[in-house]
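Shown next, in structure tokens, is the structure this report addresses.
The values are calculated or read from the model by the stated rules, or taken from the named source; none is laboratory data. Every value quoted in this text rests on a predicted model; they were computed, and no experiment measured them. Every residue, glycine as well, gets a Cβ built from its backbone with ideal geometry; the counts of neighbours run over all protein chains shown. When the accessible area is computed, the model is the full protein with side chains, heavy atoms only, and any ligands, DNA or RNA have been set aside. Shrake-Rupley method; radii C 1.70, N 1.55, O 1.52, S 1.80 Å.
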Amino acid sequence: AVVTGVPAPTVTYSIPSGSNFPVGVTTVTVTASNICGTVSCSFTITVLDVRIPLITTPPVNRAVCVGSNTTFSVVATNVASYQWEAGNGITWGPIAGATSSTLALNNVPLSMNNSLIRVKLTGPCGTVVYSVPVTLTVNPLPLITLSGSGDAVLLPNRSITVTANAN
């Protein structure tokens, strides 16, 4: 802006010329002062984040047997960083070291059954997008129960029936 007058005013900007602006709306105030007084005007700068992460292939539910391995993956554009999280739908916590587009879980314990998993994607300008939570189902190994009828000791010419039930 060119400001003229006699005597020449001192012009100040609330944000100096050449500054970087954050994503969003920022108000800049210009003040001109001389011996006759001070006047100000304001204008806004709007910076749009056009590089928001976009999920093209979201993670999907997985079902595994206890002790098995599984992976979750996401395909997205405009991503600067990934962070996989586990939670219950209300509270979420980061999974240590899970910072790529794929989450590998090895030797999955039964305690993870019905865990919710999501991924936090951060864009180059800091915008955060979360995937829809998916469920990890962990199936237990079968349980075999043996039962017998008759004597517990098998003698000649005697029989015993052993029944096995699997759940």
Selection over region 69-83 where residues are open to solvent by 40 Å² or more (accessible area, probe 1.4 Å) and farther than 12 Å from Val129 by Cβ yields a count of 4
Just name the residue that is modelled with the lowest pLDDT out of those in region 52-70 that are more than 11 Å from Asn139 (Cβ to Cβ) and assigned to a loop (DSSP other than H, G, I, E, B). Ile52
Which count do you get for residues in region 19-65 that are in contact (Cβ under 8 Å) with a residue 60 or more places away in the chain and either of a type in the set (Phe, Trp, Tyr) or open to solvent by less than 40 Å² (accessible area, probe 1.4 Å) (or both)? 4
On the given criteria, is Ala98 modelled with pLDDT of 95 or more and either surrounded by 13 or more Cβ atoms within 10 Å (Cβ to Cβ) or touching a Ser or Thr at 6+ places or on another chain (Cβ under 6 Å) (or both)? yes
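Is it the case that region 73-87 has a residue that's modelled with pLDDT under 90 and in contact with a strand residue (DSSP E or B) (Cβ under 7 Å, 6 or more places away or on another chain)?
Looking through region 73-87, none of the residues is modelled with pLDDT under 90 and in contact with a strand residue (DSSP E or B) (Cβ under 7 Å, 6 or more places away or on another chain).
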I'm told Asn107 meets every condition in (1) open to solvent by 60 Å² or more (accessible area, probe 1.4 Å); (2) of a type outside the set (Phe, Trp, Tyr); (3) under 9 Å from Trp84 (Cα atoms) except one. Can you identify the failing condition by its number? (3)
Identify all residues within region 46-84 that are of a type in the set (Lys, Arg) and touching a Gly at 6+ places or on another chain (Cβ under 7 Å); write none if there are none. Arg51
Considering each of Leu121, Leu154, Leu143 in turn, give the residue that is in contact with a strand residue (DSSP E or B) (Cβ under 9 Å, 6 or more places away or on another chain) and either modelled with pLDDT under 95 or closer than 19 Å to Ser68 by Cα (or both). Leu143
Index of the failed condition, Gly123 passing every other in (1) surrounded by 13 or more Cβ atoms within 10 Å (Cβ to Cβ); (2) under 16 Å from Pro59 (Cα atoms): (2)
For region 105-128, which residues satisfy the criterion of being over 14 Å from the mean Cα position of the chain (by Cα) and on the phi > 0 side of the Ramachandran plot? Asn107, Asn114
Filter result (in contact with a Lys or Arg (Cβ under 8 Å, 6 or more places away or on another chain) and of a type in the set (Ser, Thr, Tyr)) within region 55-70: Thr70
Identify the residue in region 126-148 that is open to solvent by 60 Å² or more (accessible area, probe 1.4 Å) and touching a Cys at 6+ places or on another chain (Cβ under 9 Å) and, among all such residues, is nearest to Thr57 (Cα to Cα). Asn139
